[in-house]
Amino acid sequence: MIIDFHTHFYPETLVGRAMERGRASGIESCTDGTLAGLLREMDRCGIDHAVGLPLANKPDNVRGVNNWAYNLKCDRVTMLGSIHPLTPSPEDHIQWLADRGFRGIKMHPEYQQFRFDDPALEPIWQSLIRNNMFLLTHTGADTGFPPPYHSDPVSLAAFHRRYPELTLVLAHLGSWRMWEEVKEHLAGLPVYMDCCFVGNRISDELFMEIVRRHGTDRILFGSDSPWNRQDEDVHFINRLPLSDTEKEQIFSLNARKLLNI
């Protein structure tokens with residue numbers, strides 16, 4: 001079984017804008033950006049299940065984004081919710097998500113313009129902890145934004161130390177394009193890392209150094225579809241010197257634990 005823990009698709013009203021934004025960042029999509037397009041790509045690449053990551057880019061969009069995610073019924077896709085850092089009463093929205101079975105939320109410090117050391121965001125983190133929900137967040141550099149970036153391995157390690165009860169899923173192997181610092185500051189901490197948009201952008205040797213230091217029980221397969229091809233990322237994991245048991249952890253077992261499936 002293969003679970004892609006990091007995928008994107010968009011409502012009809014937004015898909016054109018999302019595809020154009022990707023092209024403007026120099027990234028060509030491998031699907032048309034719709035749920036149907038993702039499912040076709042999953043069939044082509046042998047992906048059994050996916051996690052969909054919506055993002056509220058404005059406080060006013062939180063309710064609409066989460067309603068869209070909740071009403072999107074597909075047995076092969078598990079949706080996360082989203083919170084904007086300026087959302088009034090974020091605890092109410094997180095409770096609404098928890099009551100409807102959401103396992104976690106997606107946030108993005110670049111698109112949503114926040115830092116993890118902002119004390120004003122504590123109600124979000126505490127609410128996630130109370131409801132046993134995880135936070136999946138973009139980390140490190142982003143092709144659509146200039147430096148300096150809003151997250152890095154040092155700040156993320158400090159964030160984990162402040163909220164050790166919060167289950168963290170750090171996209172892009174801890175911090176995109178900052179992997180030497182990931183090896184030093186994050187690898188080995190009790191946080192999850194997905195490996196989306198990493199294959200062919202990191203050497204096999206450095207990837208394996210991080211994985212060996214961190215442990216395969218906290219690495220999640222992810223592609224970042226439609227911005228990366230799922231079959232290329234499957235091939236990336238399969239070519240590495242990992243045992244069958246370790247590959248099974250990365251491809252599905254760790255995800256099933258987080259998603260309760």
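The values are calculated or read from the model by the stated rules, or taken from the named source; none is laboratory data. It should be emphasised that the depicted structure is a prediction, and the values quoted were computed from it without experimental measurement. Note: ideal-geometry Cβ built from the backbone for every residue, glycine included; neighbour counts use all protein chains shown.
Could you run through the range 8-32 and say how many residues are closer than 18 Å to CYS196 by Cβ and β-branched (Val, Ile, Thr)?
2
Considering only the range 189-233, how many residues are crowded, with 16+ Cβ neighbours inside 10 Å and assigned to a loop (DSSP other than H, G, I, E, B)?
Within the range 189-233, residues that are crowded, with 16+ Cβ neighbours inside 10 Å and assigned to a loop (DSSP other than H, G, I, E, B) number 16.
Looking only at the range 192-219, which residues are of a type in the set (A, V, I, L, M) and touching a strand residue (DSSP E or B) at 6+ places or on another chain (Cβ under 9 Å)?
MET193, VAL198, ILE210, VAL211, ILE219
So which of ASP60, ASP43 ends up being within 30 Å of ARG162 (Cα to Cα), modelled with pLDDT of 95 or more, more than 20 Å from the chain's Cα centre (by Cα) and in a helix (DSSP H, G or I)?
Checking each option against the conditions leaves just ASP60.
Quick check on the range 80-89: of everything there that is crowded, with 23+ Cβ neighbours inside 10 Å and not β-branched (Val, Ile, Thr), which residue is nearest to ILE261 (Cα to Cα)?
This residue is LEU80.
Do we have GLU165 as more than 22 Å from ASP224 (Cα to Cα) and either of a type outside the set (Gly, Ala, Ser) or modelled with pLDDT under 95 (or both) here?
yes
Hey, among GLU205, GLU165, which residue is of a type in the set (D, E, K, R) and touching a residue at least 24 places away in the same chain (Cβ under 8 Å)?
Testing whether each residue is of a type in the set (D, E, K, R) and touching a residue at least 24 places away in the same chain (Cβ under 8 Å) leaves just GLU165.
Suppose we keep only residues that are exposed (fewer than 15 other Cβ atoms within 10 Å of the Cβ) and touching a helix residue (DSSP H, G or I) at 6+ places or on another chain (Cβ under 8 Å) within the range 59-73. Which one would you say is nearest to PRO11 (Cα to Cα)?
The residue in question is LEU72.
Can you pull out the residues in the range 23-39 that are touching a residue at least 24 places away in the same chain (Cβ under 8 Å), of a type outside the set (Ser, Thr, Tyr) and either surrounded by 13 or more Cβ atoms within 10 Å (Cβ to Cβ) or in a helix (DSSP H, G or I) (or both)?
Those that are touching a residue at least 24 places away in the same chain (Cβ under 8 Å), of a type outside the set (Ser, Thr, Tyr) and either surrounded by 13 or more Cβ atoms within 10 Å (Cβ to Cβ) or in a helix (DSSP H, G or I) (or both): ALA24, ILE27, CYS30, ASP32, GLY33, LEU35, GLY37, LEU38, LEU39.
Output the number of residues of the range 65-102 satisfying the condition of being more than 20 Å from the chain's Cα centre (by Cα) and among the small types (Gly, Ala, Ser).
Total satisfying the criteria: 1.
Within the range 127-158, track down each residue that is over 13 Å from MET178 (Cα atoms), in contact (Cβ under 8 Å) with a residue 12 or more places away in the chain and outside any loop (DSSP other than H, G, I, E, B).
Correct list: SER127, LEU128, ILE129, PHE134, LEU135, LEU136, THR137, ALA157, ALA158.
Does ALA69 satisfy the condition of being assigned to a helix (DSSP H, G or I) and either within 22 Å of PHE251 (Cα to Cα) or in contact (Cβ under 8 Å) with a residue 12 or more places away in the chain (or both)?
Against the criterion (assigned to a helix (DSSP H, G or I) and either within 22 Å of PHE251 (Cα to Cα) or in contact (Cβ under 8 Å) with a residue 12 or more places away in the chain (or both)), ALA69 qualifies.
Let me spell it out: the conditions are (1) under 19 Å from the mean Cα position of the chain (by Cα); (2) surrounded by fewer than 24 Cβ atoms within 10 Å (Cβ to Cβ); (3) of a type in the set (S, T, N, Q), and SER151 meets all of them except one. Which number is the exception?
Condition not satisfied by SER151: (2).
Under 6 Å between Cβ atoms, which residue pairs at least 6 apart in sequence (or on different chains) link something in the range 40-51 that is closer than 18 Å to LEU220 by Cβ with a partner that is part of a helix (DSSP H, G or I) and modelled with pLDDT of 95 or more?
Taking only residues 6 or more apart or on different chains, the pairs are CYS45/GLN230; CYS45/ASP231; ILE47/GLN230.
Do we find a residue being in contact with a Lys or Arg (Cβ under 7 Å, 6 or more places away or on another chain), surrounded by 15 or more Cβ atoms within 10 Å (Cβ to Cβ), at pLDDT 95 or above and hydroxyl-bearing (Ser, Thr, Tyr) anywhere in the range 117-136?
The answer is no; no qualifying residue exists.
For the range 91-114, check the following and say yes or no: at least one residue is farther than 28 Å from ILE2 by Cα, modelled with pLDDT of 95 or more and among the small types (Gly, Ala, Ser).
no
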